[in-house]
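The values are calculated or read from the model by the stated rules, or taken from the named source; none is laboratory data. Owing to the predicted nature of the structure, the values given are computational and were not obtained by experimental measurement. Because the Cβ atoms are built from the backbone with ideal geometry, glycine has one as well, and the counts that use them run over all protein chains shown. Just so you know, the surface numbers come from the protein's heavy atoms only, side chains and all, with ligands and any DNA or RNA stripped out. Shrake-Rupley method; radii C 1.70, N 1.55, O 1.52, S 1.80 Å.
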Amino acid sequence: MQEYKKAFSNFFNFKGRARRREYWVACFMNSAAGSFLIALICLSCSIVGDPLFYSTGYEVGFSTSGSLIGTVLAVPTAFFSVYIVLFNIALTVRRLHDISMPGWVYPVCLFGCCLCGIGALALFIFTLIPSKGDNKYGPDPKAPGNNEYHSNKGIVISVVIYVISLVLSIAMMVLNIQKCGYY
């Protein structure tokens, strides 16, 4: 998991570059942690019998407002969400630098995401583009002397952990609905 360690060590660094591997391992691991937190909230509320899902005539939703334990556990989840946003901004800017794009492209993509979703698609495509040698943001991270990753273990492990956490969170949501119903 040295990819995640490297991404975390550059938490507030908006300079330099981030390889695709570093970017995607961090995305999968942060998403997995968020899914585990959701699973913990759902499991805890299921144990005490608090429903987390509501249903009206036209919509179904999720809320911790009817549950004391859900609300208490939502606080660290909110702090984690702030951490993820800050972490992801710096990481995405460095990822854009890796493909010779300036960091201001990120807020433009976010604005485009809010309008019609095209920004999200563009950002997704940008994160998949490989490094192309040295650029004004730094040396090529894949150059023979700079390539610190020697196996694909990190990406495989992060994807497996993400899938497990996603399945676990869905199972805990279903458990909460089955045990507690809707409110």
When the residues of the range 50-63 are filtered to those that are part of a loop (DSSP other than H, G, I, E, B) and not polar (S, T, N, Q), which remaining residue is modelled with the lowest pLDDT? 57
Looking only at residues in the range 129-183 that are modelled with pLDDT of 90 or more and hydroxyl-bearing (Ser, Thr, Tyr), which one is farthest from residue 36 (Cα to Cα)? 137
Looking at 26, 7, can you tell me which residue is modelled with pLDDT under 90 and within 15 Å of residue 149 (Cβ to Cβ)? 7
Number of positions in the range 36-80 that are surrounded by 13 or more Cβ atoms within 10 Å (Cβ to Cβ), out of contact with any strand residue (DSSP E or B) (no Cβ under 7 Å at 6 or more places or on another chain) and among the hydroxyl-bearing types (Ser, Thr, Tyr): 6
Of all residues in the range 131-145 being under 12 Å from residue 18 (Cα atoms) and not small (Gly, Ala, Ser), which is surrounded by the most Cβ atoms within 10 Å (Cβ to Cβ)? 141
Could you run through the range 113-139 and say how many residues are touching a Ser or Thr at 6+ places or on another chain (Cβ under 8 Å) and part of a helix (DSSP H, G or I)? 2
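So that you can scan it fast, the table gives a plain yes or no per residue for (1) touching a Pro at 6+ places or on another chain (Cβ under 8 Å); (2) exposed (fewer than 12 other Cβ atoms within 10 Å of the Cβ); (3) in contact (Cβ under 8 Å) with a residue 40 or more places away in the chain; (4) not in a helix (DSSP H, G or I):
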{"position": "92", "(1), (2), (3), (4)": "no, no, yes, no"}
{"position": "102", "(1), (2), (3), (4)": "no, no, no, yes"}
{"position": "108", "(1), (2), (3), (4)": "no, no, no, no"}
{"position": "111", "(1), (2), (3), (4)": "no, yes, no, no"}
{"position": "150", "(1), (2), (3), (4)": "no, yes, no, yes"}
Hey, could you check the range 12-27 for residues that are open to solvent by less than 50 Å² (accessible area, probe 1.4 Å), among the hydrophobic types (A, V, I, L, M, F, W, C) and touching a helix residue (DSSP H, G or I) at 6+ places or on another chain (Cβ under 6 Å) and say which is nearest to residue 153 (Cα to Cα)? 25
Any idea which of (1) touching a residue at least 60 places away in the same chain (Cβ under 8 Å); (2) crowded, with 16+ Cβ neighbours inside 10 Å is the one residue 179 doesn't satisfy? (2)
Give the residues of the range 23-50 that are of a type in the set (Phe, Trp, Tyr) and over 15 Å from residue 160 (Cβ atoms), sorted by residue number. 23
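This table checks each residue for (1) assigned to a helix (DSSP H, G or I); (2) more than 16 Å from the chain's Cα centre (by Cα).
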| site | (1), (2) |
| --- | --- |
| 18 | no, no |
| 21 | yes, no |
| 26 | yes, no |
| 30 | yes, no |
| 33 | yes, no |
| 65 | no, yes |
Within the set of pairs 6 or more residues apart or between chains, which connect a residue that is in contact (Cβ under 8 Å) with a residue 60 or more places away in the chain inside the range 117-132 to a residue that is part of a helix (DSSP H, G or I) with Cβ atoms less than 6 Å apart? 127/23; 127/95; 131/98
